[in-house]
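A quick write-up on the structure given underneath.
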């Protein structure tokens, strides 16, 4: 599992989990485009099925995509066989809908058993994170989310935001000033 990338250059890796979701993913894409930035979107297969045009738009705008299972399932709650079926269904959704076959994977909730990981590694690089924005935490204010995310960002950081319904309000408050902070600090953004 990869938690961060090389620490020797001012480069960070923005990632967005759980989309695509209308009204949120397109907002994220607009904000990235304003700053000529790209990101990696770990997509849920069922959301690709529901919003195929938005999934295609993510790729067409130069972003990378990764598998996040078909139904956003917890690894600890599923047998290895059932979990791998969820991953396979998501891969099929990618192939059928946007004609890509991701080679990167992120487990929902960061939950993955050793057996699941071992089974995935021949086909995927498994990316975790070293900066969790906490944008999904309804007890955390936008100010705290932004301050914390800035504080822990460093060279090689893999930063997690979410483009999902639960983060709809906070992402609008946090993402633009965070992206501006990256520009101010001369961080280059890269895709996984």
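Numbers at a glance
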quantity: Residues of region 46-73 with amide N under 13 Å of the 7 Å Cα→Cβ point at residue 96; calculated: 46-52, 70
quantity: Entry for volume of the Cα convex hull per residue in Å³ (calculated from the structure that is shown) out of (1) 107; (2) 137; (3) 170; calculated: (1)
quantity: Peptides 61-72, 176-187, 29-40 ordered by average Cβ neighbours within 10 Å, highest first; calculated: 61-72, 29-40, 176-187
quantity: Between region 40-95 and region 142-192, the alpha-carbon center distance in angstrom; calculated: 22 Å
quantity: Potential lengthening between residue 61 and residue 169 on full extension [0.36 nm per residue; Cα-Cα distance subtracted]; calculated: 36.5 nm
quantity: Computed [θ] at 222 nm, deg cm²/dmol, the chain (DSSP H ≥ 4; -39,500 (n - 2.57); rounded to nearest 500); calculated: -12500 deg cm²/dmol
quantity: Stretchable slack from residue 183 to residue 118, in nm (0.36 nm times residue separation minus alpha-carbon distance); calculated: 19.6 nm
quantity: Rounded to 10°, Cα long-axis angle of helix 80-98 versus longest principal axis of the chain; calculated: 70 degrees
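Values in this text are rule-based calculations from the coordinates and carry no lab data. All values reported here derive from a predicted model rather than from experimental measurement. Please note: Cβ atoms are built from the backbone with ideal geometry, for glycine as well, and neighbour counts cover all protein chains shown.
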